[in-house]
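Encoded as C-alpha cells, the structure appears first; notes follow it.
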Amino acid sequence: MSIIRRLSPSLINQIAAGEVIARPAAAVKELVENALDAQSTCIDVYLENGGKSAIIVKDNGVGMSSEDLALCVERHTTSKLQDLTRISTFGFRGEALAALGSVCRMTITSRKREKSQAFCVRIEGGRFIAPLAPAALTEGTRVEAQDLFFVTPARLKFLKSTAVELGHCAQIVKRLALANPHVTFQFFEGSKRLFSYQQNDQKTRIIEVLEKLSADNLLSVEKTQGALSVFGVIGKPTCTQATSAKQFFFANKRAVQDACFNASLRAAYQELIARERYAVAVLFLALPLEDIDVNVHPAKTEVRFREARRIQLFLTEALSQTLRTDKSIWTGPKDAEKHFAVSFSSSPPSFKTPPPFPCNAYHLKESPPPLYKAPPPLEQSSFLEDTNYPLGHAKAQVHRRYIVAETQDEIVIVDQHAAHERIVYEKIKSAFASTGAVSQALLMPIVLRFSNECLELFAEHQAEFARLGLQYQIIEPEELTVFAIPTFMEGADPKPLMQDLAEELKMWGKGFALVEKFHEVFATFSCHTSIRSGRELSVIEMNTLLRTIERTEHSGQCNHGRPTYVKIPLSKCDKLFER
Ligand code: ADP
Ligand code: MG
C-alpha cells in the first residue's frame, strides 16, 4: 500500500468509464451525442439484450479521417472544445470513446465526408487489437460496442434485467430525439424496431415521443423574460402519470436533470394533482451559454445554473400561467376531431368565444361575486339567451349530479360537485391571499356553546376566519356568536361547521397560521357548503354555477385533478347517430 505508482492508461480509462459509462444507456447517450455533434440527420440505434450484449449506433454525419479515427479513442482527444465557459456541443471532454473502448469490444468504422474510403479500428479492453484498416461503409460513422463490461465483471453484476436496461436506453434516445426533431431516429432491439421518428417540427416530435397522449391533453408553454426563455408543453392536470417517465427537461437543448425543473413543476401543479402523481412535461429552457455550467457531472446530465433561484421562479411563473390560461397546443378543428376520443375523457379544449367576464378577472377582484344566490340584477341581465357562454346555457340536471348545458355546437356536461369544490377551493385560496372573501350576514346570529379552551383557539384565529368570510364574536364566557358566513357557503348550517372547526382547532393546538392548514380548512368548508352532488338545482342556480366556473381559475378540473366538465361536439353526436 505504501508504494505509489502511476496508473496505467488503460486502468485510468476503466476508472473514468465508471463515471461516464455506468450502464448501457450511458453508452447509448455518448454515442448518439457524438452522432449529433457530427451533424447527422439520420441515427439508428441497435441493441442486443438491452445493450448488455451489443450496442450499435450508426449515423450519416461528417465522419472521421483515418488519422482522427486512430486518435479518437485516446483519452482527452476531442475536436470540439474551445472554451469551457461557452459549451455548445454535446461532447467536449474527449473521454467517452476512450472510456467505452476500455470496458468492451469496440469497433469504429467511419468514412469522412467526400472521401472515397472508410476505415475501421478495433479495441478490446482499451487495447488496439487490429491496426487501422480500410473498411466498407457508405457514409458517416458506425460504432459497435460488444460485451459491455466484460473486463470489469463486478460492474456487470450491477446491471439490471434486459427489460430495465432497455427501458433506460429507450428513454435516453427519446430525450435526444425530443431535442433534435430535425433528425430521424430509429431504435431497434434484436430484430425488432421499437420506435422510429421521422424528421419533423418540434411540436410533432413532442407528440410522437409522448405516445398515446393526444394534443388535447397538452398545454403550450412559451415565455420569455430578458435572456431567459422557456418553450414546450405540459400535460393538463387531468392527464397525470404514475411515473416521471414523461418528464423531459432541457437546458439549451441539452437534456438535464435539475432540481429547478422539478421544484417548478411541483409548485405549479401543487393544488391541481395528487401528490403521488406526475405531470407530463417537455420543457426547453434557453439561457445565455455563460449562465450555465454543464461541466459538473461526467455524463453531463446535471448542470449548474448561475442564478438557480431566478430560473426556478421564472419557470414556475411560466407553468402557472400556462395552467391558468389552459391553452391547448392545437386549435385547428381537424386536430380536435382527430383527438376527440381522448379529449372526451379528459378536460375539454380551451374556450373559443371570449367569456362575458375576463376568465381570470376573479383573481383580481376584491370581492368575488357571490355563488348560488339569486344573481343580482346586473348579472341576471347578462344571462342573455343569445350570448355565447363558453359553458353554454343550462338545460337540465340529471341524477341530481350532472348539469347538462348547450353551446352553439356542443353539449356540455358538468359534474356539479367537482365544479363546486374547485370554486370553493379557489375562493378560499384567494381569500387567504387577498383582503378576504365576501360574507353574508345571518338573519339570526347563532349562539353556540364551547369550552373556554376551545374559545381561546377561536379567538386566536378570529381575524383569519373573518378574512375567509366567517365572522364571530366571543362576548360571554363559554359562548360564541356567529353572525356572518362566507357567501360561497350560503345556505350552510353554521352550527355543524363551527363544531367541526372546533374539533380541528383542538387537534392542531396553539400557535400556527390558519393558512398553513389550508387543505384541512378547505375540506371542512367545502364539506359544509350546500351544493354537493345530490342537491336539486334551479335553472338560475345552474346558470350561476356555469358562469362562476367560467370565471374561476383552473376550473377545468377539481382539486383532485378530475375533470369538472366535458364538452361533446355536436358533430360527434351526429356521427353516433349516423347523421
Ligand atoms: P467528445 O465527444 O467529448 O469530443 P468522444 O470521446 O465522445 O469525445 O469523441 C472523441 C472525438 O471523436 C470527437 O471529438 C469527434 O471528433 C470524434 N467522433 C466521435 N464520434 C463521432 C461520430 N459519430 N462522427 C464523427 N466524429 C466522431
Ligand atoms: Mg462525445
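The values are calculated or read from the model by the stated rules, or taken from the named source; none is laboratory data. Note that this is a predicted model, so its numbers are computed, not measured. Here the Cβ is made from the backbone with ideal geometry for all residues, glycine too, and neighbour counts use every protein chain on show. Just so you know, the surface numbers come from the protein's heavy atoms only, side chains and all, with ligands and any DNA or RNA stripped out. Shrake-Rupley method; radii C 1.70, N 1.55, O 1.52, S 1.80 Å.
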Item to complete: Just give me the residues in region 239-261 being open to solvent by 30 Å² or more (accessible area, probe 1.4 Å) and modelled with pLDDT under 90, in sequence order.
Response: 240, 241, 242, 243, 244, 245, 252, 253, 257, 259
Worksheet item: So residue 249 fits all but one of (1) touching a residue at least 40 places away in the same chain (Cβ under 8 Å); (2) in the same structural domain as residue 316 (by TED's automatic domain parsing); what number is the exception?
Response: (1)
Worksheet, complete the sentence: Within region 279-303, the residues that are open to solvent by 20 Å² or more (accessible area, probe 1.4 Å) and modelled with pLDDT of 90 or more are 286
Discussion item. Whether any residue in region 63-76 is open to solvent by 50 Å² or more (accessible area, probe 1.4 Å) and either more than 22 Å from residue 133 (Cβ to Cβ) or at pLDDT 95 or above (or both) is what I want to check.
Written reply: yes
Practice prompt. Restrict the check to region 238-259 and report whether at least one residue is more than 30 Å from residue 38 (Cβ to Cβ) and part of a strand (DSSP E or B).
Written response: yes
Discussion item. Quick check on residue 579: is it at pLDDT below 85 and either touching a helix residue (DSSP H, G or I) at 6+ places or on another chain (Cβ under 9 Å) or closer than 30 Å to residue 390 by Cα (or both)?
Written reply: yes
Worksheet entry | Leading residue by the ranking (least open to solvent (accessible area, probe 1.4 Å)) among those in region 115-145 that are in a loop (DSSP other than H, G, I, E, B), under 17 Å from residue 61 (Cβ atoms) and touching a Gly at 6+ places or on another chain (Cβ under 9 Å) | 137
Fill in: region 45-62, residues that are crowded, with 24+ Cβ neighbours inside 10 Å and out of contact with any His (no Cβ under 9 Å at 6 or more places or on another chain)
45, 47, 55, 57, 59
Discussion item. Scan region 182-205 and tell me whether some residue there is small (Gly, Ala, Ser) and open to solvent by less than 20 Å² (accessible area, probe 1.4 Å).
Written reply: no
Response to the item:
How many residues of region 81-103 are at pLDDT 65 or above and in contact with a helix residue (DSSP H, G or I) (Cβ under 8 Å, 6 or more places away or on another chain)? The answer is 11
Worksheet item: Looking at region 416-439, which of its residues are open to solvent by 40 Å² or more (accessible area, probe 1.4 Å) and either part of a helix (DSSP H, G or I) or more than 21 Å from residue 484 (Cβ to Cβ) (or both)?
Response: 429, 433
